[in-house]
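Asks: Here you go, one structure.
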Amino acid sequence: MKLSFGFAAILAMACAVFAADAGKVTYVGHDKVTAALNKGGPLVTAPDLTVSGSHRDKPGQVEVHDKETDVIYMIDGEATFVTGGKAVGLKSTRPGQSIGTEVQGGETHHLTKGDVIVVPNGVPHWFEKVSGPLNYYVVKVRRSQADGRIQ
């Protein structure tokens, strides 16, 4: 319960950034949240912020985001998550976004239910191993185009 409250506070702060700019409150009901966690999908999308529910049952690809910081909150499951180091085999998927095949020399984190990890923009990251079904939230905060700061 305590951990859920902690993430709710993080999510509320992220949504507050969006709401302050748009001048409105954003509410996402539990049915949409449950669906996003089961299949993966966006919950809130704005020019400087995205909140998504994510689900995976296998490892992913290495990701590097030039202008997005990822805040990941683990809901259920376990994973080996690697950050930093050198991304191998990077290919651009769209402007500011690249994927690769592995990370060499990164830091390994064992993520479990309730954990939060923040990956700054430009840092390679990778769900290297996934132990069964994994559900998590991702809050992506984009740098401002004007001054390069995260808002």
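The values are calculated or read from the model by the stated rules, or taken from the named source; none is laboratory data. Remember, predicted model here, so these are calculated numbers, not experimental data. Positions of Cβ are backbone-derived with ideal geometry, glycine not excepted, and every protein chain shown enters the neighbour counts. Side chains are part of the model used for accessible areas, which takes the heavy atoms of the whole protein and leaves out ligands, DNA and RNA. Shrake-Rupley method; radii C 1.70, N 1.55, O 1.52, S 1.80 Å.
Asks: Those residues that are farther than 21 Å from Leu134 by Cβ, part of a loop (DSSP other than H, G, I, E, B) and under 15 Å from the mean Cα position of the chain (by Cα), I need them from region 20-69; list them, please.
Replies: Asp48, Asp66, Lys67 - these are the residues of region 20-69 that are farther than 21 Å from Leu134 by Cβ, part of a loop (DSSP other than H, G, I, E, B) and under 15 Å from the mean Cα position of the chain (by Cα).
Asks: From the list Thr50, Thr26, Thr101, Thr45, exactly one residue is of a type in the set (Val, Ile, Thr) and in contact with a helix residue (DSSP H, G or I) (Cβ under 6 Å, 6 or more places away or on another chain). Which is it?
Replies: Exactly one of Thr50, Thr26, Thr101, Thr45 is of a type in the set (Val, Ile, Thr) and in contact with a helix residue (DSSP H, G or I) (Cβ under 6 Å, 6 or more places away or on another chain), namely Thr26.
Asks: Does region 77-87 contain any residue that is open to solvent by 70 Å² or more (accessible area, probe 1.4 Å) and not charged (D, E, K, R)?
Replies: No - not one qualifying residue is present in region 77-87.
Asks: Can you tell me which residue is farthest from Trp126 (Cα to Cα) among those in region 55-67 that are open to solvent by less than 40 Å² (accessible area, probe 1.4 Å) and modelled with pLDDT of 95 or more?
Replies: By that ranking, first place goes to His65.
Asks: I'd like to know if region 108-131 contains one or more residues that are at negative phi, open to solvent by 40 Å² or more (accessible area, probe 1.4 Å) and at pLDDT below 95.
Replies: Scanning region 108-131 turns up at least one residue that is at negative phi, open to solvent by 40 Å² or more (accessible area, probe 1.4 Å) and at pLDDT below 95.
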